[in-house]
Amino acid sequence: MPQVFPKGLNIIVRVTLLGLPLLLSGGGIAGAAFYRSDYTTGTREVVEQPVPFSHKHHVSQLGIDCRYCHTSFEKSASSGFPPTKTCMNCHQQMWTSANLLEPVRESYAKGKPISWTKIHNVPHYTYFNHSIHVAKGVGCVSCHGQIDQMNLVFQSKTLLMEWCLDCHRNPEKNLRPTDEITNMLFKASMVENKKTGEPHTQASLGAELKDKHMIREASVLTNCSICHR
């Protein structure tokens with residue numbers, strides 16, 4: 001029987017058979033990297049706001065606690081945006097004619113809230129509650145990063161499901177005393193381990209607080225119904 005295909009085609013077939021898996025795996029890796037990239041997740045993207053509010057100035061330099069503006073994060077699902085009156089408590093006395101704050105003064109005069117743009121968004125099919133995380137000892141910095149050093153707020157974490165699950169599988173690494181929730185400089189070593197008399201490590205403090213706050217096991221915390229209701 002005469003040869004149907006030329007011998008040179010053998011090389012092409014071998015290269016194709018060897019290269020196709022490499023191409024597919026490379027494409028998968030590239031796709032996974034793109035899915036987790038800042039471009040896709042919005043991480044580190046500075047979003048324009050009606051007023052360029054600086055957390056670095058207000059929190060780090062002036063020492064204003066998170067709870068002064070975000071009054072509801074300890075008891076409700078949302079942290080809440082501060083009403084204009086909160087801003088004007090100070091700015092009726094200082095920077096009263098600054099052009100930068102004209103939208104604030106206009107909002108206060110007209111009784112119309114400032115339309116702040118929400119930065120940390122989870123999918124509409126995902127349930128997230130600030131209060132339960134705060135009650136269990138998860139600090140602001142765990143999700144929002146060093147927001148006290150941000151002139152303009154940006155999303156510092158991916159907020160992907162795998163990021164949430166990583167904490168739900170091992171919550172100990174993010175736990176702190178509830179009176180240190182808003183302390184951006186908190187370290188586990190600031191707390192004494194009463195069993196040893198030595199400063200706590202995050203692992204030992206986390207294990208102690210997990211028991212104290214009766215945090216459930218990973219098998220429960222990673223159940224789909226916890227976040228998808």
Using each residue's phi in the stretch 79-90, evaluate 6.51 cos²θ - 1.76 cosθ + 1.60 at θ = phi - 60° and report the 3J(HN,Hα) Karplus result to the nearest Hz, with x for Gly and Pro. 6, x, 9, x, x, 4, 4, 4, 5, 6, 4, 9
Compute log10 of I(q)/I(0) for the stretch 158-215 with the Debye formula, placing one identical point scatterer on every Cα and leaving out solvent, at q = 0.17, 0.19, 0.31 Å⁻¹, to two decimals. -0.59, -0.72, -1.25
Given R₀ = 45 Å, FRET efficiency for ASP179-ILE29 by Cβ-Cβ distance, to 0.05? 0.55
Phi-based couplings in Hz for the stretch 130-136 (Karplus 6.51, -1.76, 1.60; Gly and Pro marked x): 4, 4, 5, 5, 5, 4, 8
GluC sites (Glu not before Pro) within the stretch 171-229: which are DSSP loop residues with at most 11 other Cβ atoms inside 10 Å? GLU217
What pairs from LYS157/LYS210; LYS85/LYS136; LYS187/LYS210; LYS56/LYS210; LYS157/LYS195 go past 26 Å between their alpha carbons? LYS85/LYS136; LYS56/LYS210; LYS157/LYS195
Could you run the Karplus curve 6.51 cos²θ - 1.76 cosθ + 1.60 with θ = phi - 60° over the stretch 200-214 and give me ³J(HN,Hα) per residue in whole Hz, x for Gly and Pro? 5, 9, 4, 5, 6, 5, x, 5, 5, 6, 4, 5, 4, 8, 6
For the chain, what D do you get in µm² per second when you plug the Kirkwood radius from alpha-carbon pairs into Stokes-Einstein at 37 °C and 0.692 mPa s? 152
What's the Cα-based Rg to Rh of the stretch 131-229, Rh via Kirkwood? 0.99
Based on DSSP H runs of at least 4 residues, each adding -39500 (n - 2.57), what is the mean residue ellipticity at 222 nm of the chain after dividing by all its residues, to the nearest 500 deg cm²/dmol? -11000 deg cm²/dmol
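Normalising by the residue count of the chain, find the relative contact order in percent from Cα pairs under 8 Å and 6+ residues apart.
Computed value for the chain: 22 percent relative contact order.
FYI, it's all coordinate maths here, none of it is from the lab. Note that the structure is predicted; figures quoted are calculated from it, not measured. Note: ideal-geometry Cβ built from the backbone for every residue, glycine included; neighbour counts use all protein chains shown.
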